[in-house]
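Visitor: Dropping a structure here in C-alpha cells format, bear with me for questions.
Read-outs: derived from the displayed coordinates by stated rules, not from any lab. Quick caveat, the model's predicted, so the values are computed rather than measured. Here the Cβ positions follow ideal geometry from the backbone for every residue, glycine too, while neighbour counts run over all protein chains shown.
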Amino acid sequence: MEIAIGIIAAVVGIVAGAGAVAGYNKKNEKGGKSKAEDLVRKAKREAQDIVMEARKEASEIDEKSKSEENERRKEWKRTENRLAERETVLDGKLDQIEKKTERLVKQEKEIESLKGEIREIRDKQHEKLEKIAGLSKQDARDKLMKMTENDIKQDLVNLVAKEQKEIKHEVDETAQAILLTAMERMSSEVTADRTITALKLPDDEMKGRIIGKEGRNIQALQRATGVDIMVDDTPGMVVLSSFDPIRRQVARYALERLMKDGRINPSSIEDAVAKAEKEIEKEVVRAGEDAVREVGLVGIPRELIHLIGELKFRTSYGQNVLLHSIEMAHIAGMIAEEIGADKRIAKTAALMHDMGKAVTHKIEGKHADIGAELAKKYGMSDEIVHAIAAHHDDIEPTTPEAIIIKICDSISAARPGARNISAENFAERMRDLENIATSFPGIDKAYAISAGREIRVIVEPKQIDDLTALKLARDIADKIEATMSYPGIIKVNVIRETRAIEYAK
C-alpha cells in the first residue's frame, strides 16, 4: 500500500508539472495550447498505467502475505499436535511409574511381613532346640566357647613345638656358621688380598710423576680404569684398590707400561690403558684355552672358551671361579667314571657351570640360568645345558651328570676356608653402587672406589650440562639412600669433561 501511495503522489506531481507547463505556454505562446493538452493527456495515461501496475503489485504482495500466514498457522498447528502427543506419552509414563511405586510399596510390606514370620519361626526353632538339648542359649554359647578354647590351646601347643624345632635348627646353623668363620680365619687368604694390588715403584720421583701437576695424571688414570690409586700409604709402593680384578689388572699393566716408558700424561695414560685392555683380552683367551686343555676337552666353541677365560678374573665369596671350575671338572670326571655316567658331559658341564658369572654385570638374571642359555646358544647338548641350569637347585636335576655337578659344587665350594663371605658381600655392594649410577640416562662410566665410600660417575658432556650434573648427583645419592644399606657416608662424584681436539696438517 505504501508503494501505491508513492506512485499516486508521483502522478499528481507529474500532472501539476504539466499544468504549470501549460500555463506558461499560454502566457508565452497561444499556439502551444494544444501541445500542452497533449502532454497532459499523455501524463494522465502514464499515471493511470503506473497506478494499475502498483495496484497489481500490491495485490500480489497481499496474496503472498496471506499464503505465508497460512503456512505459519499450519506449522503452529503441527507443533501443537506434537506437544499434545508428548503430553499424552508423559501422562502414560507417569501412570506406569505410579503403578510400579504402588507395587513396590506393596512388595516391601509383604517382605516385612515375611521377615516377621521368619523371626517367629526361628524363635520357635531355638525353643525346640533348647528343649531337645536341655541347654539354654547362654549355656550352649558357654559350652561352645569352652570347646573352642580347648582346640586353640592344642593348636598353640603344636605351634610352640614347631617354633622350638625351627629355632633349634637355626641355632644349629648359626653354630655351624660360627665354626666355619673361625676356620676361615685360619686361611692365608684374606679379603684385602683379593681387593688390592701393590705395585713397586723404581724410585720416589716416579710417585710424583704418577700424581702429575695438580693431580691430573692420577685423576686421568683413575677415570680411565675405575681403580682407586693410593700413592701415599706405603713408601716406594702404589696400591691399586678395586673390587673388580679385571680393572686392577688393567691398571697394573698400564702403570707398568707408563713407568717403563717414562712419559706420563693424560694422553699417554689413555694409550697405555687401551693397550692394557688388549693384553687382558689376550690373557683371557689364553686362560680359557689352558683350562680346556688342562681338563682334556676338545670341540668347545671359541665364544665359550672366552667366557671361561674371563672367570680367571672373577671371584665367588673370595674363591677364584676359574680354579673352582677346573677343580670341579677333575672331580666330576672321577665320579662319572666310578658310577658309569658320561665323563665328557660331566667334565664339560662342571667347567662351564659358573660361566654365567662372567656376564652377570651385563645380563640380568641368575648365573645358572644365564650360563645354561649361553651353552644352549652355542650348541651344547641338552644334558650339558640341564646340568648347568640345575647345579643350584633352581630346577630339579634329572640326569646323573646334573647330580654330579651339584655334588662337586658342594665339595669344592663348601669346604672350610674355600670361600670368604665378607669379600663377596663387599663386591656385591660395589656392583650395586655402580648399577645404581648407570641406571640414569647420560652416564658414560661409573666406578665404585675407596672401598665403597665414593662412587665416581663420568657423564656424556653432550647429554648432561653443568646444572643437570648437579641434579644428577643429588638423584644418585637419593637412590642410594633409598635402596642400599651401608655404614658411614658415600660420596657421589659426578665428572663432566669436555674435550676439544684438532689436528695441525
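Visitor: Under 22 Å between alpha carbons: how many lysine pairs meet that in the stretch 299-383, if sequence neighbours fewer than 8 apart on the same chain are excluded?
Guide: 16
Visitor: Considering only the other residues whose Cβ falls under 14 Å of the Cβ of Lys115, what net charge follows from Lys and Arg at +1 and Asp and Glu at -1? Display every interim value, and only then the final one.
Guide: On the way: positive: Lys109, Arg119, Arg122; negative: Glu108, Glu110, Glu112, Glu117, Glu120, Asp123.
Net charge in that neighbourhood comes out at -3.
Visitor: I would also like to ask the following. Summing Lys, Arg as +1 and Asp, Glu as -1, what charge do residues with Cβ under 13 Å from the Cβ of Lys479 carry, Lys479 excluded?
Guide: -3
Visitor: Note down the magnitude of the dipole of the stretch 420-505 about its Cα centre, charges +1 on Lys and Arg C-beta and -1 on Asp and Glu C-beta and zero elsewhere, to the nearest 20 debye. If you can, show how the numbers build up before the last one.
Guide: Numbers: 13 positive and 14 negative charges, 40 e Å.
Rounded to the nearest 20 debye, it is 200 debye.
Visitor: Which net charge results for the neighbourhood of Val321, defined as the other residues with beta-carbon distances under 10 angstrom from its beta-carbon, given Lys and Arg at +1 and Asp and Glu at -1? Kindly include the intermediate steps, with their values, before the conclusion.
Guide: Numbers: positive: Lys312, Arg314, Lys357; negative: Glu310, Asp354.
Net local charge, Val321 excluded: +1.
Visitor: Report the FRET efficiency, 1/(1 + (r/R0)^6), for Asp393 and Ile489, where r is their Cβ-Cβ distance and R0 is 35 Å, rounded to 0.05.
Guide: Working: r = 39 Å, r/R0 = 1.12.
For R0 = 35 Å, the calculated efficiency reads 0.35.
Visitor: Ranking request for peptides 396-408, 111-123: highest mean number of other beta-carbon atoms within 10 Å first, then the rest in descending order.
Guide: Answer by packing, highest mean first, reads 396-408, 111-123.
Visitor: Using a cut-off of 17 Å between alpha-carbon atoms, which lysines can reach Lys35, once sequence neighbours fewer than 8 places away in the same chain are excluded?
Guide: Lys35 reaches Lys26, Lys27, Lys44.
Visitor: Follow-up. Can you tell me the FRET efficiency between Asp466 and Lys200 if r is taken as the Cβ-Cβ distance and R0 is 51 Å, rounded to the nearest 0.05? The partial results should precede the final answer.
Guide: Working: r = 41 Å, r/R0 = 0.80.
Approximately 0.80, to the nearest 0.05.
Visitor: Would you list, by chain and number, the aspartates and glutamates whose Cα falls below 14 Å from the Cα of Lys128, excluding same-chain residues fewer than 8 positions away?
Guide: Partners found: Glu120.
Visitor: Sort Val51, Val227, Val89 by Cβ crowding within 10 Å, fewest neighbours at the top.
Guide: Details: Val51 15, Val227 27, Val89 10.
Least to most surrounded, the residues fall as Val89, Val51, Val227.
Visitor: I've got another one for you. So which trypsin sites (Lys or Arg not before Pro) in the stretch 213-278 end up in coil per DSSP with only 15 or fewer other C-beta atoms within 10 Å? Numbers along the way, then the final one.
Guide: Working: sites: Lys213, Arg216, Arg223, Arg247, Arg248, Arg252, Arg257, Lys260, Arg263, Lys275, Lys278; in loops: Arg263.
Sites meeting the loop and neighbour criteria: Arg263.
Visitor: Moving on. Loop-only GluC sites (Glu not before Pro) in the stretch 199-276, please: DSSP not H, G, I, E or B, and at most 16 other Cβ atoms within 10 Å. Can you show the working numbers first?
Guide: Values: sites: Glu205, Glu214, Glu256, Glu270; in loops: none.
Counting only loop positions with at most 16 other Cβ atoms within 10 Å, none of the GluC sites (Glu not before Pro) in the stretch 199-276 qualifies.
Visitor: Identify, among Met230, Pro245, Asn217, the residue whose Cα sits farthest towards the positive end of the charge dipole of the stretch 206-280, taking +1 on the Cβ of Lys and Arg and -1 on the Cβ of Asp and Glu, with the dipole about the Cα centre.
Guide: Asn217
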